[in-house]
Amino acid sequence: MTKYSSTSGREKGVISYKIEKESVTLNYNSRNGGISSIVYSYEVSGIDHVENIKKFALSSQNLNSYINKNRIHCKRLD
């Protein structure tokens, strides 16, 4: 996993990510103190959304905003 550091300085949201060919896995701090993992894949989320999430993760900008605004389908691993 690659640590995610938002350029906005926000403490909440994505803490790390893993980019693969057809998916992105994002890790969040969960409410119970653990880590929640969510997978955005070509199959579930769509190619355009996955490629945009990759771009935002790599640039450390607007990732949470993009996901929240678009309500993208995903798969939870918890």
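Laboratory data are not the source of any read-out in this text; all were calculated from the coordinates shown. Computed from a predicted model, the values in this text were never measured in an experiment. Quick reminder, even Gly has a Cβ in these numbers, built from the backbone with ideal geometry, and neighbours come from all protein chains shown.
Whats the longest run of the chain with zero GluC sites (Glu not before Pro) that are DSSP loop and have at most 14 other Cβ atoms within 10 Å?
23-78
Once both labels are modelled 7 Å past Cα along the beta-carbon direction, what's the residue 30-residue 55 spacing in nm?
3.2
So which lysines can residue 55 reach, going by Cα to Cα under 19 Å and dropping same-chain residues fewer than 8 places off?
3, 18, 21, 69
Above 20 angstrom, tally the Cα pairs of region 2-76 and express them as a % of all pairs, no decimals.
21
Taking a virtual spin label 7 Å from the Cα of residue 77 along the C-beta vector, which residues in region 47-71 bring their backbone nitrogen under 12 Å of it?
Answer for this model: none.
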